[in-house]
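The values are calculated or read from the model by the stated rules, or taken from the named source; none is laboratory data. In this text the structure is predicted, and so the values were computed from the model without any measurement. All Cβ positions, glycine included, derive from the backbone under ideal geometry; neighbour counts span all protein chains shown.
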Amino acid sequence: MDPLLEIDNQIFNELKKDLGDDFLLGVLDVYHDDARKQLKLLESALGQGDSTAFMEAAHLLKSTSLIFGALAFGNLARDLELLGLAGNIADSREKLTQLQRACDALHHVLKDLCHVSS
């Protein structure tokens, strides 16, 4: 399994317990839509050389991913955030591509976990 798709079950199950399966499924769809938006903003900021916009989009992606227990995905977004903070986004292409490739699969993994008994 791709490490970016691994979920911290303790974090996810606590969220699932607090929100309930049905509500969490809806929240996951919102997260997925927002993650795709942030990835597009990262792509645009990279193309424009805008380190500030890049850092802000990476920060949002990191924060929301960690809430769901997507620790590796969130930590990779943190790496991008730090590159943006340092003004060194030119070196971010490979990491951004990894996040883009994993985004849809991560959404499916998270939704599948809603249907697993904790």
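Tabulated values for the structure
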read-out	value
Complete set of residues in segment 3-54 that are closer than 24 Å to G84 by Cβ and of a type in the set (D, E, K, R)	D33, D34, R36, K37, K40, E43, D50
Residue check for D34: surrounded by fewer than 17 Cβ atoms within 10 Å (Cβ to Cβ), more than 12 Å from L5 (Cβ to Cβ) and within 10 Å of the chain's Cα centre (by Cα)	yes
Sole residue being farther than 20 Å from S117 by Cα and modelled with pLDDT under 95, chosen from D21, D33, D2	D2
Residue ID - surrounded by the most Cβ atoms within 10 Å (Cβ to Cβ), chosen from residues in segment 6-24 that are over 24 Å from L76 (Cα atoms) and in contact (Cβ under 8 Å) with a residue 60 or more places away in the chain	D21
Meets criteria (closer than 16 Å to A105 by Cα, surrounded by 15 or more Cβ atoms within 10 Å (Cβ to Cβ) and in contact (Cβ under 8 Å) with a residue 12 or more places away in the chain) for L28	yes
